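Undergrad: Before I ask anything, here is the structure I am working with.
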Amino acid sequence: MDQTRSGADGIGRRLRELRLKRGLNQQDLASEDVSVSYVSLIETGKRAPSETVLRSLADRVGCSVEYLRTGHDGTTVKELELKVAFGDMAMRNGSDDEALESYGEVLASASPLPAATLFRARLGQALALEKLGRLEPAIEQLTALYEDPGTVAGSAHWTQIAVALCRCYRESGDQMMSVEVGERAMSRLDSLGLDVTDDHIQLGATLVGCYSDRGDLTRAGLVAARLTEAAERTGSRVARGSVYWNAAMVAKSRGHVDEALALTERALMLMAESDNVRHQSLLKGVYGRLVMDSDSPDLERAGTLLDEAGRGLLEAGTNAERAWNESALAQLAIHLHRYDEAAAHADRALGLLPAEPRWEAAKARVLLAEAQYLGGDPENATGNLRTVEGQLGRLGESRSTGEVWRQVGDLWQQFDRPAEAVAAYRRALTNVGLRGLSTATGAVVAPGTG
């Protein structure tokens, strides 16, 4: 009863506002079926008009029935749905700022939207934030979507959100949370007893990458083997490509570069027919790095692959991914003794990354310091290494930061600064979980002196 009265009040108020705006009186709204007194009762909220009367009144005041009923014109809803579609298209074209703005306008609107459209806008906004490197708000929004009762566990959307959450935690350097989210999602999928799908395989492949980044290569290898078998049996070419891609990263982390090259070549072949520019570009970047780091490096081939990756990531990649490729190009330029070019690539990588400490930024600054030192500018090189140490000190311990500490130690050694090199090597060992023995006073016990 209350809802009917509330709806009648809204209809009556909007009817009266439009009538006065059009310069009409109640007599102008009357007809054979609608008396003047009935119009008055409707406007005061004492009567709820039937669908037939509602159509007649809407026609006379020049609006849609939907507007009289809800206060929102169907045209507005269609315009907002178009904005969501524009946001989706902008994301595919790499216009992430435009996509974020479009999704934001939709979500800021008071107009009622179908649940599916609203979900697309919320997910699109979260993914746009991720691509722009704004990981904290992206994680916050993805978590809200993941925990939303309307997001059905095991559905394609649920799996997509779980993968994105793993990826965001991984990119932010929180390897523990990236693995935890991935493990819980995989366990949930297993408990549902569903057939293995491409989404299932994609989630597992992401978890393999998270294990690898954390340094848990044994578990990464076991999951990769399980996924490879499932992907070969049931997965699409893209799903199989994702598995081989992450298996290649495990092989690389174990120092098996030739195996990693073979797996990456297979992944590229499988993904060649897909229209996912971003994935193809990232794979080319991975392949270029492997070619550069192999025992018999083909620097010209590596350069071609990294250039192709850069063009694709400019179109469809995130800022972090573009920075990752610029760092690879800086490393290549150092191999080719083009130190000014290397410094320019490292500078571009730093410009693409957020100001807060990130291991990717620290790695790019190490490359900048190396290029400066080899190019005859030891003063700026030393300053940049000090900056890197400060950044790494504010990051949590992980395999990724341990790797950068190792590179810092190598550079201090090149600079003939043995004390700084030893300190950096110790920090590298600590970051990968290897700690030295200590006396009661905290001093490290050297072999033969205890």
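Read-outs throughout are calculated quantities, based only on the coordinates presented, and are distinct from any laboratory measurement. Values in this document were obtained by computation on a predicted structure and should not be read as measured data. So basically every Cβ, Gly included, is an ideal-geometry build from the backbone, and we count neighbours across all protein chains shown.
Undergrad: What ranking of HIS157, HIS337 emerges when the number of other C-beta atoms within 10 Å of each C-beta is taken as an exposure proxy, fewest first?
TA: So the ranking, lowest neighbour count to highest, is HIS337, HIS157.
Undergrad: As an exercise, use a Förster radius of 51 Å and the Cβ-Cβ distance of ARG417 and ARG301 to find the FRET efficiency, rounded to the nearest 0.05. Don't skip to the answer; put the middle values down first.
TA: Details: r = 35 Å, r/R0 = 0.69.
It comes out at approximately 0.90.
Undergrad: With the Cα gyration tensor of segment 2-71 giving a ≥ b ≥ c as the square roots of its eigenvalues, does the rule (a/c under 1.5 for rounded; else a/b larger than b/c for prolate; else oblate) give rounded, prolate or oblate?
TA: rounded
Undergrad: Among 325-334, 420-429, how do they line up from the highest to the lowest mean number of other beta-carbon atoms within 10 Å?
TA: Ranked from most to least packed, the peptides come out as 325-334, 420-429.
Undergrad: Mind ranking 366-377, 24-35 by how tightly packed they are, going by the mean number of other C-beta atoms within 10 angstrom, highest first?
TA: So the peptides 366-377, 24-35, ranked by packing, come out 366-377, 24-35.
Undergrad: How tilted is helix 359-374 with respect to the longest principal axis of the chain? Cα atoms for both, answer in degrees (0 to 90, nearest 10).
TA: 40 degrees
Undergrad: Compute the label zone of ARG184 within segment 105-140: residues whose backbone N is under 17 Å from the point 7 Å along Cα-to-Cβ.
TA: 138-140
Undergrad: Charges on Cβ only, +1 for Lys and Arg, -1 for Asp and Glu, centred on the Cα centroid of segment 171-236; of GLY235, SER191, CYS210, which one is farthest towards the dipole's positive end?
TA: SER191
Undergrad: Tell me what the chain gives for mean residue ellipticity at 222 nm when only DSSP H runs of n ≥ 4 count, each as -39,500 (n - 2.57), the sum divided by the residue total, rounded to 500 deg cm²/dmol.
TA: -24500 deg cm²/dmol
Undergrad: Among [x] 1.32; [y] 1.28; [z] 1.16, only one was calculated for this model; which label is it, if the read-out is Cα Rg over 2.2 N^0.38 Å?
TA: Read-out taken from this structure: [x].
Undergrad: Oh, and also: Of VAL53, GLY255, VAL163, which is farthest towards the positive pole of the chain's charge dipole, taken about the Cα centre with +1 and -1 on the beta-carbons of Lys, Arg and Asp, Glu respectively?
TA: Positive-end residue among those listed: VAL53.
Undergrad: Treating only the Cβ of Lys, Arg, Asp and Glu as charged (+1, +1, -1, -1), what charge dipole size does segment 134-249 show about its Cα centre? Round to the nearest 20 debye.
TA: So the dipole magnitude of segment 134-249 works out to roughly 320 debye.
Undergrad: May I pose another question? Relative contact order for segment 1-158 using alpha-carbon pairs under 8 Å, separation at least 6, rounded to a whole percent?
TA: 16 percent.
Undergrad: Here is a follow-up. Mind jotting down the distance between the C-alpha centroids of segment 168-193 and segment 60-128, whole Å?
TA: 31 Å
Undergrad: Kindly put MET249, MET89 in sequence by how many other C-beta atoms sit within 10 Å of each C-beta, fewest to most.
TA: Ranking MET249, MET89 by Cβ neighbours within 10 Å, fewest first, gives MET89, MET249.
Undergrad: So, one more: Between segment 288-340 and segment 215-276, how far is it from one alpha carbon centroid to the other, in angstrom?
TA: A separation of 21 Å, based on Cα centres.
Undergrad: Figure the gain on full extension for ALA144 and ARG237 (residue separation times 0.36 nm, minus the Cα-Cα span) and round it to one decimal in nm.
TA: 30.3 nm
Undergrad: Using a Cα-Cα cut-off of under 23 Å, which lysines could be cross-linked to LYS363, ignoring same-chain neighbours fewer than 8 residues away?
TA: Candidates past the 8-residue exclusion: LYS131, LYS252, LYS284.
Undergrad: Charges only on Cβ, +1 for Lys and Arg, -1 for Asp and Glu: so what's the dipole of segment 300-440 about the Cα centre, in debye to the nearest 20?
TA: 580 debye
Undergrad: How would you classify segment 380-428 from its alpha-carbon gyration tensor, with a ≥ b ≥ c the square roots of the eigenvalues: rounded for a/c under 1.5, else prolate if a/b is greater than b/c, otherwise oblate?
TA: oblate
Undergrad: Points 7 angstrom from Cα along the Cβ direction at SER274 and MET176: gap in nanometres?
TA: 3.2 nm
Undergrad: Let me spell out the model: positive unit charges on the Cβ of Lys and Arg, negative unit charges on the Cβ of Asp and Glu, origin at the Cα centre of the chain. What dipole size does that give, in debye rounded to 20?
TA: 920 debye
Undergrad: Using a/c under 1.5 as the rounded threshold, could you call segment 327-375 rounded, prolate or oblate? The axes a ≥ b ≥ c are square roots of the C-alpha gyration tensor eigenvalues, and prolate needs a/b larger than b/c, oblate otherwise.
TA: prolate
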